[in-house]
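Please treat every number below as a calculation from the coordinates, not as lab data. Note that this is a predicted model, so its numbers are computed, not measured. Cβ atoms come from the backbone with ideal geometry, glycine included; neighbour counts cover every protein chain shown.
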Amino acid sequence: MAQKIQKPRGTMDIFPDEALIWQTIENKAREVAKRFGFGEIRTPTFEELSLFKRGVGEVTDVVQKEMYTFTDREDREFALRPEGTASVVRAIIENGKASDAMPLKYFYIINCFRYEKPQAGRSREFFQFGTEMFGTKDPASDASVIALASTLINELGIKGVKLHINSIGCPECRPKYRQALVDYFKSHEEKLCDTCKERLKTNPLRVLDCKSPICSEIAKDAPNTIDYLCDECNDHFTQLKTYLDAQGIEYSVDTRIVRGLDYYTKTVFEFICEGIGAQSTVCGGGRYDGLMEQLGGPSLPGIGFGMGITRIILAMKESGVDIPEAPKPVLYIAPMGNNAKAIAIKYVSELRNKGVYAECDICARSLKAQMKYADKIGAHYTLILGDSELESGKAQLKDMTSSTQEEIEINNIVDIILKK
């Protein structure tokens, strides 16, 4: 017997009954995004490796440890996308969209790939709903993007989610903060994990985000970003809070939030849902005002977020949200014999063309097996077609819910079902 082939570790098989909740989230995400004026963008699953090195940052964990890369037949280096923002920026530059009316507002639902240790809410192929807005530095745009995420989370029925916000400054004020961090962590360097010792040389902000209990404890007393903001960044953060207050969006200032990618500036934020395990951040994002220029485009400030769909599903289940059930056929026709089967197929086809979910036997089951199957799939009505029914032109339409039945003209079955 041939050896079984299994799916790659950290990936998922999603069957129709599970796909229903995915579709619910995706449909609601599209609806809310369009309500906020965002249009859908679709970009390639893989890009040139240099895009993510330049956009995400060469010293990030994503680029150094987590990307799936490959070389094609012409020795060009590519990577499966680890996130969505860099691809959107590349698409805007390449297709000349920077000359369109501002702000540019896009959303996407994509799969991404990172080589990480799989656990609840974290997989190697993961799915994201994301938004990107380019062309405005106004903190009102930050508040608008955060409001979009908040609206979606609320309308999905998720409870216990809290918004955490922070500002990590800009190229003007961040060097001072960076030096303060280095000075602080240097005094505790011998206790830091090996990864954070390396981060101290390349990207000290990432030490704040370390999940090691020892590093987290040390980070509690580290300098706060907001104490080192320049006047512009401080004003921006103050205005953001004012606009969130105006919309009734509750938040807490969390100076430990820095996000994991190099391109963030000023505003960073996370929506955190307690109770779904270690991966409690269901949405994270922030501002990236220099990313467009960094990738060879014009100066267009940007802000956006990524929302993990599997984590949203965990949060919905934790909140007791009703999970949609698979649709059930309105009518199941049980034919006996080839002549009856042809007529059954005819009427089922007519009903489907009119938007009604209908079924008939296509497995040559016995009548008893057909009725068991009709009950199993939850058919509302059943109709048995045999020689006597074909001869008389009449049959019994049974309501499987009430166990009542009525005699009908077979030729009228489509109209009768459409009126039910």
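A compact table of results
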item	result
Dipole magnitude (debye, nearest 20) for the chain, charges at Cβ of Lys, Arg, Asp, Glu	620
Projected label distance in nm at residue 20 and residue 399, using a 7 Å step from Cα toward the beta-carbon	2.3
Label-point gap, in nm, between residue 293 and residue 387 - each point 7 angstrom along Cα→Cβ	8.7
Hull shadow area, averaged, the stretch 215-266 [alpha-carbon convex hull, nm²]	4.6
Net charge of Cβ neighbours under 12 Å - reference residue 87; Lys, Arg +1; Asp, Glu -1	-2
Value at 222 nm in deg cm²/dmol, rounded to 500, when DSSP H runs of n ≥ 4 in the chain each add -39,500 (n - 2.57)	-11000 deg cm²/dmol
Contact order normalised by residue count of the chain, Cα under 8 Å, 6+ apart, percent	16
Förster radius 22 Å - calculated FRET efficiency between residue 254 and residue 234 (Cβ-Cβ, nearest 0.05)	0.85
On Cα atoms only, tilt of 16-35 relative to the major axis of the chain in degrees	60
Charge context of residue 77, other residues only, Cβ under 11 angstrom, K/R +1, D/E -1	-3
Extreme residue, positive dipole direction of the stretch 331-419, given options 369, 392, 408 (C-beta unit charges)	369
Cross-link partners of residue 186 among aspartates and glutamates (Cα-Cα below 16 Å; sequence separation of 8 or more within a chain)	194, 198, 217, 221
Mean projected area in nm² (Cα convex hull; one quarter of hull surface) for the stretch 1-115	11.0
Net charge dipole size for the stretch 331-419 [Lys, Arg +1 and Asp, Glu -1 on Cβ; Debye, nearest 20]	360
Nearest-0.05 FRET efficiency for residue 345 and residue 50, computed from C-beta distance (R0 45 Å)	0.20
Nearest-ten-degree value, helix 338-353 long axis tilted from longest Cα axis of the chain	40
Summed side-chain charge close to residue 396 - residues other than residue 396 whose Cβ falls under 14 Å, Lys, Arg +1, Asp, Glu -1	-3
Distance violations [Cα-Cα > 21 Å] among 65/220; 97/137; 341/398; 137/162	65/220; 137/162
Between helix 367-376 and the chain: long-axis angle, C-alpha atoms, 0 to 90°, nearest 10	30
Dimensionless Rg/Rh of the chain - Kirkwood Rh, Rg from C-alpha atoms	1.12
Trypsin sites (Lys or Arg not before Pro) restricted to DSSP loop in the stretch 14-120 with at most 16 other C-beta within 10 Å	42, 73, 76
Trypsin sites (Lys or Arg not before Pro) restricted to DSSP loop in the stretch 187-291 with at most 12 other C-beta within 10 Å	211, 220
Computed FRET value (nearest 0.05) for residue 184 with residue 99, which takes r as the C-beta separation and R₀ as 56 Å	0.80
